[in-house]
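Trainee: First the structure, which I've put down as C-alpha cells, then a few questions once you've had a look.
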Amino acid sequence: MAFTFKQLRYFVAVAETGKVSDAAVAVSISPSSVTEAIKDLEFYLGVELFERKRTGLELTPEGYRFLTHANRILNDINNARQAIHEDQYSVEGTLRIGCTITVAGYFLARLLQRFKYAYPNVEIIIEECPRVALEQRIDEGTIDIAVLLVSNVAANVNHNIVPLVRSQRRLWLPNDHPLLAKDIVTLEEVSREPYIQLMIDEAAQTTQSYWHKYHLEPKVVFRTSSVEAVRSLVATGAGVTILSDMVHRPWSLEGDRINTVEIKQQIPSMDTGLLWSNQRKPSELTKHFIDFSRLQYTSGGSAS
C-alpha cells in the first residue's frame with residue numbers, strides 16, 4: 001500500500017483548517033471520506049499526524065514534519081501539470097462520454113471542469129444512460145468511454161474497467177433518532193426501522209444483495225428515484241436508508257440534519273470509474289481522458 005495524491009490533499013486541508021468539516025468543504029468531499037483518508041495515511045506512515053482535541057485537530061510533531069514533505073509533493077505535481085498544459089492547445093477533437101444518473105449528479109461535473117481546463121480545445125458530448133445501455137453503446141462504438149458505477153459492472157473480457165473513487169455506504173438517520181447514540185449499528189437493528197429505498201442506478205438490486213447475504217429484509221415504506229426525496233424523508237423522520245458517502249449531504253433541502261452511522265456488517269462500497277472497449281484501441285483523445293482521470297483520482301498508470 002502507498003499513500004495517494006487524494007490523501008495528501010486531504011491531509012494538507014485538515015492541517016490548514018484544523019477541522020475535518022472545514023477541510024471537507026475545501027476539497028469538495030464528505031467529512032467521512034476525509035476522516036477515512038487521514039486514518040489510512042496514518043496507518044501507512046505508522047504515526048499519528050493529528051492530536052484530537054475538543055476544538056478540532058492539531059498537528060503532532062510528526063504531522064508538522066510530514067506537512068513539509070506533503071506540500072513539496074503537491075507543488076511538484078502542480079509543476080508537472082503546468083508542464084503538461086504547455087501542450088494543452090495541441091489536443092483537440094470530440095470526446096463522446098456516457099454516464100449514469102448518479103455519476104452525472106454527484107461526480108462528473110468536477111472531473112469535466114478540470115479536464116476542460118487542461119484541454120480547452122476538446123469538445124465533449126455527454127449522454128446519460130442506464131448502465132446496460134452504456135455497455136451496449138461502448139460495444140457499438142457510439143461512445144468513446146463511460147463514467148459509471150463500476151461496482152455494478154460484471155467482469156467482461158470485452159471491457160476495460162478502471163475504478164477511480166470508492167465510496168463507503170452508511171446508515172442515514174434524522175437528528176433525533178435513537179440509533180445515533182451508537183457508534184456502530186447492525187442490519188438487524190436497521191431491519192426494525194421503516195426504510196426509504198432509492199431506485200436509481202440499480203440501488204435496489206444492490207440493497208437486496210447485501211440484505212439477503214445476511215438473511216434479512218429491509219422494511220421498505222417508500223421507493224423513489226429522487227435522492228433529494230430520500231434526504232427529505234430521512235431528515236424528517238419518515239424512515240432511514242443506507243447510501244454512499246458520495247451522495248450524502250448533511251442537510252435536506254428544507255434545512256433538516258441528516259446524520260450517518262457505520263454498519264457492523266460488511267456492506268459493499270459504491271465505486272465510480274471508467275469503462276471502455278477492449279475490442280478496439282482507444283483514440284488518443286480517449287487516452288488523454290483516461291490518463292487525466294487516473295492522475296486526478298488514483299495517481300497511477302497510463303492508458304494502453
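Trainee: Can residue 80 be described as at pLDDT 95 or above, under 19 Å from residue 293 (Cα atoms), small (Gly, Ala, Ser) and not assigned by TED's automatic domain parsing to the domain that holds residue 225?
Mentor: no
Trainee: Test each condition in (1) of a type in the set (Lys, Arg); (2) assigned to a helix (DSSP H, G or I); (3) free of Cβ contacts under 8 Å to residues at least 60 places away in the same chain for residue 110 and report the one that comes out false.
Mentor: Failing condition for residue 110: (3).
Trainee: Confirm whether residue 287 is out of contact with any strand residue (DSSP E or B) (no Cβ under 8 Å at 6 or more places or on another chain) and over 22 Å from residue 24 (Cβ atoms).
Mentor: yes
Trainee: Residues that are touching a helix residue (DSSP H, G or I) at 6+ places or on another chain (Cβ under 8 Å) and over 26 Å from residue 168 (Cα atoms): find the helices (runs of 4 or more DSSP H) completely inside segment 1-101 holding 1 or more of those.
Mentor: Counting at least 1 such residues, we get 61-85.
Trainee: Looking only at segment 124-164, count every residue that is closer than 18 Å to residue 270 by Cα, β-branched (Val, Ile, Thr) and loosely packed, with under 14 Cβ neighbours inside 10 Å and tell me the total.
Mentor: Residues flagged as closer than 18 Å to residue 270 by Cα, β-branched (Val, Ile, Thr) and loosely packed, with under 14 Cβ neighbours inside 10 Å within segment 124-164 amount to 1.
Trainee: Looking at this structure, is residue 18 assigned by TED's automatic domain parsing to the domain that holds residue 67, more than 20 Å from the chain's Cα centre (by Cα), exposed (fewer than 15 other Cβ atoms within 10 Å of the Cβ) and at positive phi?
Mentor: Considered against the rule, which asks whether it is assigned by TED's automatic domain parsing to the domain that holds residue 67, more than 20 Å from the chain's Cα centre (by Cα), exposed (fewer than 15 other Cβ atoms within 10 Å of the Cβ) and at positive phi, residue 18 comes out as no.
Trainee: Here is a follow-up. State whether one or more residues within segment 165-175 are closer than 30 Å to residue 237 by Cβ, more than 23 Å from the chain's Cα centre (by Cα) and either surrounded by fewer than 18 Cβ atoms within 10 Å (Cβ to Cβ) or at pLDDT below 95 (or both).
Mentor: Yes.
The values are calculated or read from the model by the stated rules, or taken from the named source; none is laboratory data. Everything numeric here is computed off the predicted structure, so don't read it as measured data. Neighbour counts are summed over all protein chains in view; Cβ atoms, including those assigned to glycine, are modelled from backbone coordinates with ideal geometry.
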